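Colleague: Quick one: the structure is below, and I'll ask about it shortly.
The values are calculated or read from the model by the stated rules, or taken from the named source; none is laboratory data. Keep in mind the model is a prediction, meaning the values are calculated, not measured. Here the Cβ is made from the backbone with ideal geometry for all residues, glycine too, and neighbour counts use every protein chain on show.
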Amino acid sequence: MSSSVEVPSPAPTTRRGRVLARRPLMTYRTIDLVTAALLGVGFGVVFWVWDQLYTAPSAVLSAIFSPLTGLLGGPWLLAGVVGGLLVRRPGAALFTELVAASVEALIGSGWGWTTLISGGLQGLGVELVLALFLWRRFGAGVAMLAGLASAVFEVAGYEWWSYYADYAWSWKLVYLATFAVSGAVIAGLGGLLIVRGLARAGAVNAMPPGQEELERTAR
Amino acid sequence: MPDARRTTGGRVDVRGLTWRPAGRRTPVLASLDLRIEPGERVLLAGPSGAGKSTLLRALAGLLLTAEVGDLSGTVSIDGAHPREHPGRVGLLLQDPTAATVANRVGRDVAFGLENTRVPRDRMPDLVRDALEAARFPYDEARSTQTLSGGEAQRLALAGALALQPRVLLLDEPTSMLDEQNAAAVRESVMSVVRRTGATLVVVEHRLDPWLEHVDRCIVLGADGAVRADGPPSRVLDAGLADDGIWVPGAAPPAPVAVDPALVRPRTALPTGDPVARVDSVAVRHHSLFGRAAVAVPALDGVSAAVEAGRGLALTGPSGAGKSTLLAVLAGLQDVSAGRAEVAPALAGRRGRELARLSSKELTRALAWVPQTPEHGLVRTVVLDELLATAVALGQPAAEARARAMGLLEALGMADLASARTHHLSGGEQRRLVVAASLVHGPSAVLLDEPTVGQDRRTWAAVMGVCGSAVAAGTGVAVATHDEDAACRVERAGSRVALLGGQVVAA
């Protein structure tokens, strides 16, 4: 009853560079779902905090030029970008942003349950960009595009027709532009930095970005 | 006795199994071939990092579900992938609370049944039988929050048994338990195995207690291949002790030599002077609503002191109050009665009372290392972790750095200075947090179960650091149910044995 090693194993190497979610893409692991859900809950609280903090700078920008308040929109798009960049599966961005929007609504904000409309549209914006790159690219460019698309979906899909229905078209476009910049920079680049920070901290070793970090620092 | 629950053991077949986890250049398991016959009882041994736990997780079909890496080769249980028939393999982990998923015992045991869509009307019988087979002492309505480690482990066993596994995998199931609880869990496991004929594979650092129960021992080498395989009496030789394995009968290893200059306290007290002392203290844990959470106080009328240049061993079974007393001595737990104070030389702006020292005053005087090493990690890079407290206290950087590097060297971790703390193995993390507690030169260090579940190498490293800290004039308190460690610490000072929150012998 002995066992032996007969076949020499191939020279082992690490996988440097990009790591993708294990295919098939729609086969979520339990840990993917749990990570996205927990992330959503965390961002829900962050959203609610931003709901409170937002009012002061918003009042200042409104006094200068109302459409500039779009610059403050980026933080609400973070959940979708981070969820998408971290889990790297279809639906993860939408799910994370929706969980966050639900938690924000449950804690209670001036927007009530309409945060779910926003959350859904913002998540879809991120999904669209990740889908365009076939869930294969997750760098700075894609992250910024995702944040930007998230902002465009939110503004053109909802805010133009609800909060800012009385804006002139020129104002509407300026608002779209400022929100898009905020989405690309704060949610896009900021979200990417959050993902990298989590990976470096060793908090998401089971996720593709965590694996990239593990392989980069392999020993 | 007719027994409807009797299952037959499963055949385990492993062919060419290779697993390289992300972040390692070399595989943990390399082209492993293994066959375990139905009903065999196997003890799996090997040095830390040899891939014992990894192999168990592979047998349970769990690789790639939560960890990432490159996997090749095949694992089958009775010819099928382990995940094809959920519940065919039962896995018990080291931390019993990690397996608790519900707040009531009954629901907790039914969790696996729910997940495998067992018809609802069959569940009550299966749950009751599983609890009985695991010799769980309470009924299904019991809260899972109030269980001791050994009880929680038997609950986890019941959860696995409810699915009637053909293969039972145990990953250090008793290493966090005191001897009494460990024996109870072993008894439960063996009665189940005898009754069901399930195949058993056990991983445990301390081999002796399992030897009489197993008929085969497989030793994995550090290279991830099978090093020895056969009857325990033939396989276990003294040479394995050098690999860090706790071979039965082998004396504890010699502690690693550490230069006392590396762990010298910044405020040295005369040897034998109490650094921190408690007089007739009582601690009562309260629930959120202010009522006493449990009827019995965690500590009741306890007096003890950690003295400069001396050791203090705190012993007793689980729940005796060892960790609570350590936390009181560390100034982290306020007392409901009695006095807890530091030496006059270490008094803060608001006096000597431990609970009234500021964080910085407390940190300068005392260092505390929690039972789970990861809970003590505050930085992401090893060297930063070692320097964190010294930096926070504004101590000279060069000196702290020299001590940190010296300690890493002594503990065989010199090449890990820039490694990420959360990427280290359990043993490496343990050595790191113990070393990190001493870099800033506290007058006493308080360690909670620093050696439990560790191989001989980490044991020797931790005991070496403790010994040299004592020699350098630091007080060292160790709460433990590792008798070898307790004896060593006691020899350098004294022992306080606790039971039910009271001192039974000092």
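Colleague: How many residues are modelled with pLDDT of 85 or more, over 18 Å from the mean Cα position of the chain (by Cα), part of a loop (DSSP other than H, G, I, E, B) and closer than 21 Å to B:P21 by Cβ when one looks only at the range A:20-34?
Modeller: Count: 3.
Colleague: Any idea how many residues of the range B:371-398 are crowded, with 19+ Cβ neighbours inside 10 Å and in contact with a strand residue (DSSP E or B) (Cβ under 8 Å, 6 or more places away or on another chain)?
Modeller: The number of residues fulfilling the criteria is 3.
Colleague: I'd like the residue in the range A:44-66 that is under 20 Å from the mean Cα position of the chain (by Cα) and not β-branched (V, I, T) and, out of all such residues, is surrounded by the most Cβ atoms within 10 Å (Cβ to Cβ).
Modeller: The extreme case among them is A:F47.
Colleague: Do any helices (runs of 4 or more DSSP H) entirely within the range B:380-493 hold 1 or more residues that are over 30 Å from A:L214 (Cα atoms) and touching a Pro at 6+ places or on another chain (Cβ under 9 Å), and if so, which?
Modeller: Numbers: elements: B:382-392, B:397-410, B:426-436, B:456-471, B:483-491.
Once the helices (runs of 4 or more DSSP H) in the range B:380-493 are filtered for at least 1 residues that are over 30 Å from A:L214 (Cα atoms) and touching a Pro at 6+ places or on another chain (Cβ under 9 Å), what remains is B:456-471, B:483-491.
Colleague: Next up: For residues in the range A:200-219 being facing chain B (nearest Cβ under 7 Å), charged (D, E, K, R) and buried (at least 18 other Cβ atoms within 10 Å of the Cβ), which is nearest to the chain's Cα centre (by Cα)?
Modeller: The qualifying residue nearest to the chain's Cα centre (by Cα) is A:R200.
Matching residues to (1) touching a residue at least 40 places away in the same chain (Cβ under 8 Å); (2) assigned to a loop (DSSP other than H, G, I, E, B); (3) in contact with a His (Cβ under 7 Å, 6 or more places away or on another chain); (4) surrounded by 18 or more Cβ atoms within 10 Å (Cβ to Cβ):
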{"residue": "B:L62", "(1), (2), (3), (4)": "no, yes, no, no"}
{"residue": "B:T74", "(1), (2), (3), (4)": "yes, no, no, no"}
{"residue": "B:G90", "(1), (2), (3), (4)": "yes, no, no, yes"}
{"residue": "B:V109", "(1), (2), (3), (4)": "yes, no, no, yes"}
{"residue": "B:G112", "(1), (2), (3), (4)": "yes, no, no, yes"}
{"residue": "B:V127", "(1), (2), (3), (4)": "no, no, no, yes"}
{"residue": "B:P137", "(1), (2), (3), (4)": "no, yes, no, no"}
{"residue": "B:Q153", "(1), (2), (3), (4)": "yes, no, no, yes"}
{"residue": "B:P165", "(1), (2), (3), (4)": "yes, yes, no, yes"}
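Colleague: Return a yes/no flag: does the range A:105-125 have any residue that is at pLDDT below 95, in a helix (DSSP H, G or I), crowded, with 21+ Cβ neighbours inside 10 Å and β-branched (V, I, T).
Modeller: yes
Colleague: Something else now. Of the residues A:V174, A:V195, only one is in contact with a helix residue (DSSP H, G or I) (Cβ under 7 Å, 6 or more places away or on another chain), assigned to a helix (DSSP H, G or I) and either surrounded by fewer than 22 Cβ atoms within 10 Å (Cβ to Cβ) or within 14 Å of chain B (Cβ to nearest Cβ) (or both); which? Quick ask: steps written out before the conclusion?
Modeller: Details: A:V195 fails: either surrounded by fewer than 22 Cβ atoms within 10 Å (Cβ to Cβ) or within 14 Å of chain B (Cβ to nearest Cβ) (or both).
Of the residues listed, the single one that is in contact with a helix residue (DSSP H, G or I) (Cβ under 7 Å, 6 or more places away or on another chain), assigned to a helix (DSSP H, G or I) and either surrounded by fewer than 22 Cβ atoms within 10 Å (Cβ to Cβ) or within 14 Å of chain B (Cβ to nearest Cβ) (or both) is A:V174.
Colleague: Could I ask something else about it? Among what's in the range A:177-192 and is touching a helix residue (DSSP H, G or I) at 6+ places or on another chain (Cβ under 6 Å) and of a type outside the set (A, V, I, L, M, F, W, C), pick the residue that is nearest to the other protein chains (Cβ to nearest Cβ).
Modeller: My answer is A:G191.
Colleague: Could you please find all residues in the range B:421-448 being of a type in the set (D, E, K, R), more than 14 Å from chain A (Cβ to nearest Cβ) and surrounded by fewer than 24 Cβ atoms within 10 Å (Cβ to Cβ)?
Modeller: Correct list: B:D448 only.
Colleague: Would you point out the residue of the range B:187-204, among those that are buried (at least 21 other Cβ atoms within 10 Å of the Cβ) and of a type outside the set (S, T, N, Q), that is nearest to the other protein chains (Cβ to nearest Cβ)?
Modeller: B:V201
Colleague: Going through the range B:62-87 one residue at a time, which ones are at pLDDT below 90 and either of a type in the set (K, R) or within 28 Å of A:E213 (Cβ to Cβ) (or both)?
Modeller: B:L62, B:L63, B:L64, B:T65, B:A66, B:E67, B:V68, B:G69, B:D70, B:R83
Colleague: Sticking with this structure for a sec: From the list B:E204, B:E187, pick out the single residue that is touching a residue at least 40 places away in the same chain (Cβ under 8 Å), charged (D, E, K, R) and more than 22 Å from B:V12 (Cα to Cα).
Modeller: The match here is B:E187.
Colleague: Got at least one residue in the range A:69-81 being within 30 Å of A:W169 (Cβ to Cβ), out of contact with any helix residue (DSSP H, G or I) (no Cβ under 9 Å at 6 or more places or on another chain) and either surrounded by 16 or more Cβ atoms within 10 Å (Cβ to Cβ) or modelled with pLDDT of 95 or more (or both)?
Modeller: Checked against the condition, which is being within 30 Å of A:W169 (Cβ to Cβ), out of contact with any helix residue (DSSP H, G or I) (no Cβ under 9 Å at 6 or more places or on another chain) and either surrounded by 16 or more Cβ atoms within 10 Å (Cβ to Cβ) or modelled with pLDDT of 95 or more (or both), the range A:69-81 yields no hits at all.
Colleague: Out of (1) in a helix (DSSP H, G or I); (2) free of Cβ contacts under 8 Å to residues at least 24 places away in the same chain; (3) aliphatic (A, V, I, L, M), the odd one out for A:L189 is which?
Modeller: Tallying (1) in a helix (DSSP H, G or I); (2) free of Cβ contacts under 8 Å to residues at least 24 places away in the same chain; (3) aliphatic (A, V, I, L, M), A:L189 fails exactly one: (2).
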